[in-house]
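Engineer: Let me give you the structure first, and then I'll get to my questions.
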Amino acid sequence: MPYDAQHALEHPEAAAWALGALDPDDAAEFEEHFQSCDRCQAEVAEFAPVAKSLALAAPEAEPPDDLEYKTLAAVQYAVMAEGRTEPEAATSASPALTIASEPKPSSTSKASRWWHLHCG
């Protein structure tokens with residue numbers, strides 16, 4: 001059965017019903033309509049596999065309190081470590097990352113400026 005956008009707009013509760021997200025009164029009302037509507041039955045049949053797969057989704061989790069600090073510290077460390085790598089020591093696998101004609105800025109001042117702007 002081809003998708004009917006107008007019908008979907010008239011019965012948006014089909015997806016919520018397939019997910020079990022309707023309140024009892026709305027669910028009872030939709031179920032009455034659902035029994036006689038081939039289009040809603042087809043829509044619910046399409047939503048059913050998605051609704052079942054949601055049970056396999058990862059549980060909601062709260063990030064650790066220190067995640068921002070650890071992330072910023074790791075970025076600062078990477079910036080400082082990048083400044084210690086000399087252009088001559090770069091591997092041949094990444095020649096596009098090395099520009100020999102440009103002098104490297106001081107890694108300490110670059111990292112220090114970054115750290116003070118974002119963490120100070």
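Engineer: With the convex hull built on the Cα atoms of the stretch 5-56, state its orientation-averaged projected area in nm².
Structural biologist: 3.5
Engineer: Express in nm, to one decimal, how much length is gained between Ala28 and Ala81 on full extension, taking 0.36 nm for each residue of separation and deducting their alpha carbon distance.
Structural biologist: 12.8 nm
Engineer: Please get the size of the charge dipole for the stretch 5-56, origin at its Cα centre, with Cβ charges of +1 on Lys and Arg and -1 on Asp and Glu, quoted in debye to the nearest 20.
Structural biologist: 340
We did not get these values from a lab; they are worked out from the coordinates using the rules stated. The model shown is predicted, which means the values in this text are computed figures rather than measured ones. FYI the Cβ positions are ideal-geometry reconstructions off the backbone, even for glycines, and counts take in every protein chain you see.
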